[in-house]
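Since the structure comes first, as structure tokens, the remarks are kept for the end.
The values are calculated or read from the model by the stated rules, or taken from the named source; none is laboratory data. Values in this document were obtained by computation on a predicted structure and should not be read as measured data. No Cβ is skipped: glycine too gets one built from the backbone with ideal geometry, and neighbour counts run over all protein chains shown.
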Amino acid sequence: MKRQFKFFLSLEKEERWLNKELAKGWQLVDGTTGYTFEQSTPTHRIIQLDYRKFPTKDAFEEYVLFMSDSG
């Protein structure tokens, strides 16, 4: 396990960094206070960040359902 603290002003740069870590075999397991990674097999998956605010809990749940249905 490794833990890193970084600050990004750009979502694109943060995504790029997280995807490089994933390609090296470090899977993000927590990103609430810093970034915590666990060693894993390098993968071709892509991490995309989504920092949306929702006006209601129903709107949030509808979005989660939509994303789950999308894969």
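I'm trying to understand the selection: among the residues of segment 1-17, which are of a type in the set (A, V, I, L, M) and without any contact (Cβ under 8 Å) to a residue 24 or more places away in the chain? Matches in segment 1-17: LEU9 only. For segment 12-39, the candidate set comprises residues that are surrounded by 13 or more Cβ atoms within 10 Å (Cβ to Cβ) and small (Gly, Ala, Ser); within that set, the residue that is farthest from MET1 (Cα to Cα) is ALA23. The residue that is nearest to the chain's Cα centre (by Cα), counting only those in segment 27-62 that are part of a loop (DSSP other than H, G, I, E, B) and at pLDDT 90 or above, is GLY34. Of all residues in segment 18-35, those that are aliphatic (A, V, I, L, M) have Cβ atoms under 9 Å from Cβ atoms of residues that are assigned to a helix (DSSP H, G or I), 6 or more apart or on another chain, in LEU28/LEU18; LEU28/GLU21; LEU28/LEU22.
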